[in-house]
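First comes the structure, then the notes that go with it.
Any read-out appearing in this document is the output of simple, stated calculations on the displayed coordinates, not a laboratory observation. Given the structure is predicted, the values throughout are model-derived calculations rather than measurements. When we count neighbours, we look across all protein chains shown, and the Cβ atoms used for this are built from the backbone with ideal geometry, even at glycine.
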Protein chains: 2
Amino acid sequence: MTSMGQDLVIGIDVGGQTAKCGVVDARGNIVAQTVISSENTTNAEEFVSALAEALNRIIVEAKAEGCIRGIGVGIPNGNFYTGVVENAVNLVWAKGGNIPFAKMLQEQMNGIPVSLTNDANAAAMGEMTYGAARGMKNFIMITLGTGVGSGIVINGEVVYGHDGFAGELGHTCAVRHNGRRCNCGKEGCLETYASATGVARTAREWLDMTDEPSLLRSLDNIKSKNVYEAAKEGDKLALRVFDYTGRILGEKFADFIEFSAPEAIVLFGGLARAREFLEEPIRKAMDENVIPLWRGKVKLVFSQLKESDAAILGASALAWEL
Amino acid sequence: MTSMGQDLVIGIDVGGQTAKCGVVDARGNIVAQTVISSENTTNAEEFVSALAEALNRIIVEAKAEGCIRGIGVGIPNGNFYTGVVENAVNLVWAKGGNIPFAKMLQEQMNGIPVSLTNDANAAAMGEMTYGAARGMKNFIMITLGTGVGSGIVINGEVVYGHDGFAGELGHTCAVRHNGRRCNCGKEGCLETYASATGVARTAREWLDMTDEPSLLRSLDNIKSKNVYEAAKEGDKLALRVFDYTGRILGEKFADFIEFSAPEAIVLFGGLARAREFLEEPIRKAMDENVIPLWRGKVKLVFSQLKESDAAILGASALAWEL
């Protein structure tokens, strides 16, 4: 084994439907990759075996046998400290139990070290290692997808907190009274407003409440994508939905800034592609709601990483620390 | 100079009216102390000279000549990174300008190293070094005084953020719409409700709005101390003021927990002495507003440090790091 031989890692992004896996080099190139289903089995052993098989396939494909320094995994409810996936209700093979995932995968992979964290923390690592936050020591990553995830970096390190689960900014309170019901059981959480599902929900609510004409009226099941397309066409209601979403994000970002004084807030995920409609209202609400000290000083950055690669890259960034 | 000779530090707590100074040993005993006025001069040079003179007096008193390892200063708007006091509008000698305080004091003290941070961060250092947070690596210190200050500790280190000013939790938003005007220029900041002045303000507002009988009606200028004393007498309005104050604190604490997953929230300051009226509503609102993961799991700790000592001890804790 040469010294070059250790210069590859594996990144895995495990979601409810799929697990994306890639062999990654030190420059952030994905030299081999594959995707497997993560909803075919309700058995954790079986899922980990299938995953190990897929990894061995791409290791061979990348001619990287004996050269993998470590494996990083981004996974919902992944506890960085323990390597355990805890109460992940959206992973059928985990059944909401406590799965010692890192240990299981490491055993199946002949002892290659495995480190895991939740998907938003992995995304933050990815941005810091390969992306928009390169060189930044203090930033907050916000992932705007089905939900709102977050990864907080302070002094160059992801914040895990006392128990390994820090950074649940999607569940901070955006609307105190009569807020929307969240999957977590609370009301008014940021992610019920500022996620892709939140945007669709806002549009549906507003269509119900008024007679205002809108391109969205003709649709049966409105998704955030439809709202985006309508906004592109100049649809006034759709544009106001993004204004409102951006304002709620900006208001909460002001609170986050007052917590950790980051250099930047980095946005990533499907909804972040609506930058043209979100950036201005976010910036405005952020500046109106933050104390003068930080007004106009905190960068608002939209991730430049290709979304299909970013999940793998983020997870792989974890492995370089091993 | 023996090795024992380096085992003392100085802690200074600079406020708007006074500067409290103490020589402190490694066990947290204040072996000599003094207080000087901080409102006698509008000239920074003069204030620093007076301070140095006071320090030299207590060094002699403690027989500690040549034995001081460092000087730690807790001071409003103190930037840990630069040693500069920036825009401290409440310090008459600073006149809201930028004062290179650490450098000036170090020069006056024959080169003894000086480190400074804001008062709430110093309080957090004090709790971690000598107080209720000993052994904790992740906690949030909340100081309930004239305002609401905060010091955030993650992985055993105070969070300073990108610019040195992290931890302005008193200015996160507690009431989004029609919130009270804050000195910072914003509306609805936590400190307009949950500080000593906030408590008095709540009482005055409620007395104005209703005819409800209350012991407080007979008073001209209600202070938080009066509200506390009335609550002690069983005054219903005063008791509700504390319920309300506690609820607002608990709601915001839930957001803070979702940020950094601390082991504990530590309360300190004059208003924290109303523990008998605040603890239950804080705990209730905290648990109702945090995601299930942390429900009932984050400790709520009231500082046990003597308030007169705590400010000096907190600042002195900084000096041990020098």
For the protein assembly as shown, the dipole about the Cα centre with charges only on Cβ (Lys and Arg +1, Asp and Glu -1), to the nearest 20 debye, works out at 360 debye
Just to be sure I follow the rule: in the range B:135-304, considering lysines 8 or more places apart or on different chains, how many pairs have Cα atoms under 24 Å apart? 18
J(HN,Hα) series, the range B:268-280, from Karplus relation 6.51 cos²θ - 1.76 cosθ + 1.60, nearest Hz, glycine and proline x: 8, x, x, 5, 5, 5, 7, 3, 4, 9, 9, 4, 5
Give me the one-decimal nm value for the distance between modelled label points at A:LEU322 and A:ARG27, 7 Å along each residue's Cα-to-Cβ direction. 2.4 nm
From the alpha carbon gyration tensor of the range A:4-125, can you work out the equivalent ellipsoid semi-axes (sqrt of 5 times each eigenvalue) and give them in Å, largest to smallest? 22, 15, 13
Each label point is 7 Å from the Cα along the Cα-to-Cβ direction; what then is the distance between the points at B:THR18 and B:GLU187, in nm? 3.9 nm
Would you kindly calculate the translational diffusion coefficient of chain B, applying Stokes-Einstein with the Kirkwood radius from alpha carbon pairs, for 25 °C and a viscosity of 0.890 mPa s, and quote it in µm² s⁻¹ without decimals? 120 µm²/s
Relative to the longest principal axis of chain B, what angle (0 to 90°, nearest 10) does the C-alpha long axis of helix B:196-209 take? 20 degrees
Compute a Gaussian network model of chain A, connecting alpha carbons closer than 10 Å, and tell me which residue from A:GLU205, A:GLU229, A:GLU53 fluctuates the most. A:GLU205
Distances from B:LYS223 to the same position in the other copies: list them in nm, one decimal, shortest first, using label points 7 Å from Cα along Cα→Cβ. 6.3
The range A:137-164 and the range A:95-112 have their Cα centres apart by a whole-number Å value of 24 Å
Sorted shortest first, the nm distances from the A:GLY96 label point (7 Å along Cα→Cβ) to its counterparts in the other copies are 5.7
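So what's the convex hull volume per residue for the Cα atoms of the range A:28-69, in Å³?
Details: hull volume 3.7 nm³, N = 42.
Considering the Cα atoms of the range A:28-69, their hull volume per residue is 88 Å³.
Take every Cα-Cα pair in the range A:135-304 and report what % of them are more than 24 Å apart.
That fraction is 35 percent.
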Label point 7 Å beyond Cα along the C-beta direction, distances from B:GLU46 to other copies (nm, shortest first): 8.3
Can you tell me which of B:ALA261, B:ALA311, B:ALA124 moves the most in a GNM of chain B? Springs connect C-alpha atoms under 10 Å apart. B:ALA261
Residue with peak Gaussian network fluctuation, chain A [Cα springs, cutoff 10 Å], from A:PHE259, A:PHE101, A:PHE268: A:PHE259
Can you grab the distance from the C-alpha centre of the range B:235-252 to the C-alpha centre of the range A:203-238, Å, no decimals? 42 Å
Rounded to the nearest 500, what is the 222 nm mean residue ellipticity of chain B from helices alone, with -39500 (n - 2.57) per DSSP H run of 4+ residues and division by all residues? -12000 deg cm²/dmol
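Given a Förster distance of 56 angstrom, what is the FRET efficiency for B:ARG275 paired with A:VAL60, based on the Cβ-Cβ distance and rounded to 0.05?
0.30
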Could you compute how fast the protein assembly as shown diffuses translationally, taking Rh as the Kirkwood radius over C-alpha pairs and applying Stokes-Einstein at 37 °C with viscosity 0.692 mPa s? Give it in µm² per second. 124 µm²/s
Looking at B:GLY185, B:ASN56, B:ALA231, which one has the Cα that reaches farthest to the positive end of the dipole of chain B (charges on Cβ: Lys, Arg +1; Asp, Glu -1)? B:ALA231
In degrees from 0 to 90, rounded to the nearest 10, what is the angle of the helix A:307-320 Cα long axis to the longest principal axis of chain A? 50 degrees
Between A:VAL175 and B:LYS137, how high is the FRET efficiency from 1/(1 + (r/R0)^6) when r is the Cβ-Cβ distance and R₀ = 56 Å? Nearest 0.05. 0.95
Quick one: go through the range A:5-39 and flag any residue whose amide nitrogen is under 17 Å from the point 7 Å out along the Cα-to-Cβ line of A:ASN221. A:17
Degrees, to the nearest 10: B:44-61 long Cα axis against longest axis of chain B: 70 degrees
